[in-house]
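*Asks:* One structure coming up, written as structure tokens, with questions to follow.
Readers should treat all values here as calculations from the given coordinates under stated rules, not as data from a laboratory. Keep in mind that this is a model prediction, so the values were computed, not measured. Cβ atoms come from the backbone with ideal geometry, glycine included; neighbour counts cover every protein chain shown.
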Amino acid sequence: MISLKVNPYNNHIAFAQTAQNTAPVAASSVSKDENIRIQADEAMKSGYFDRAIKLYKQALEINPENTDANLNLAKTYKLNSDFKNAIPYFEKACAQMPDDLEIMTLLGECYKHNGEYSKAETQFKLVLNREPNYDYAKRNLLDTENLKLACIDPQKAYNERQKKANENLRTAISLATGFLPKNVVNKVQDVTVTFDKTAQMGGRSNIAQYEHAKRKISIQDEYTYADPILSAAYTVHEFIHAADNDPYTSIREEQDAYRIQAKFWDKNAKNVRDPEMDYVVELYRDSAEALDKRVAEIYLLRDPGIPATSYNHPPGTKNAAASGLTNSGTTLKAYDIIV
């Protein structure tokens, strides 16, 4: 694990893959397999993976060519860390949607996690032949190569990973602190930024998280080989949380962090593509309110009790947060701020 202190003189849940909310559809207007697939989507979004898997399979028994049921079954198996069972459904999804780079990469990830490194490398290279700037495939390819090396020379693989982590974080922190206002940078000088294992929410490991008690930002260690621009985007997001120097979070605080993260990505990621960040920026370019709405949907799905506001979000809510109450008078949760 590499840890770096933020240098103030050197001056970014992921939710793109989460099943999105759709408008209610009358049961009589859709087929039986689609009705079951919709129920499965709701179970998957709520983290009831076993129920979702059972329902997706029921939908596919009725209609084996239901592409959404097949793909979401593959994603649910992957969310449940059952990579072996996810593979055949992702393989079918790739056959059904041969131009979808994200699905191709998801299949490669499952190969990687299942120890099928050669198949994973082949899959990631297929993606990069089509889109050389697709960081999702690029970082997975480099990670896979390091995992293969670890089977032959563990120490060399460890040293190479540590060196890459150092280089990535130094550049990322420099980019993040160069983008953020000085008043924010001055408040996060004691924060440690690291590649590490992260906590899970809704069955998925967080891409990045800020732990107030430790004054620590962790970026998922599988991002060690990501482009530093991507690491910087998540660092920017978490610095917004850390700048408050309090243990509270809220929908408004997450919305503020995503807005600033989107601005950073929009300005800096000229030659880097990533499905999560590209989705965030697509929403932001539509309107800041569209991004705010999606953030609220996702965080309320993960935690229905998350408060609307928190310390400094919006400005003027300090007293409410400090007393442990939201503006509506409900109890304000104090827990580590996690994206």
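*Asks:* Measure off 7 Å from each Cα along the Cα-to-Cβ vector at Glu131 and Ala288, then give the distance between these two points in nanometres to one decimal.
*Replies:* For Glu131 paired with Ala288, the spin-label model returns 2.8 nm.
*Asks:* Test of understanding: ordering Tyr248, Tyr225 by Cβ neighbours within 10 Å, fewest first, what list do you get? Could you put the intermediate results ahead of the total?
*Replies:* Values: Tyr248 25, Tyr225 22.
Result, fewest neighbours first: Tyr225, Tyr248.
*Asks:* To continue, here is another question. With each pseudo-label sitting 7 Å past Cα toward Cβ, what's the Asn114-Lys270 distance in nm, one decimal?
*Replies:* Distance between the two pseudo-spin positions: 4.1 nm.
*Asks:* Now a separate question. Across segment 165-172, in residue order, what do the Karplus-derived ³J(HN,Hα) couplings come to in whole Hz, using 6.51 cos²θ - 1.76 cosθ + 1.60 with θ = phi - 60° and x for Gly and Pro?
*Replies:* Karplus values, whole Hz, x for Gly and Pro: 4, 4, 4, 4, 5, 4, 5, 4.
*Asks:* Tell me, Ser81, Ser310 in order of fewest to most beta-carbon neighbours within 10 Å?
*Replies:* Ascending number of Cβ neighbours within 10 Å: Ser81, Ser310.
*Asks:* Asn186 versus Asp50, label points 7 Å from Cα toward the beta carbon: distance in nm?
*Replies:* With each label point 7 Å from Cα toward Cβ, the separation is 5.4 nm.
*Asks:* In addition: How do His313, His237 rank when sorted from fewest to most other Cβ atoms within 10 Å of their own Cβ? It would help to have the intermediate numbers written out before the result.
*Replies:* Working: His313 24, His237 29.
So the ranking, lowest neighbour count to highest, is His313, His237.
*Asks:* For a protection proxy built on the mean count of beta-carbon atoms within 10 angstrom, sort 46-55, 252-261, 150-159 highest first, please.
*Replies:* Packing proxy ranking, top to bottom: 252-261, 46-55, 150-159.
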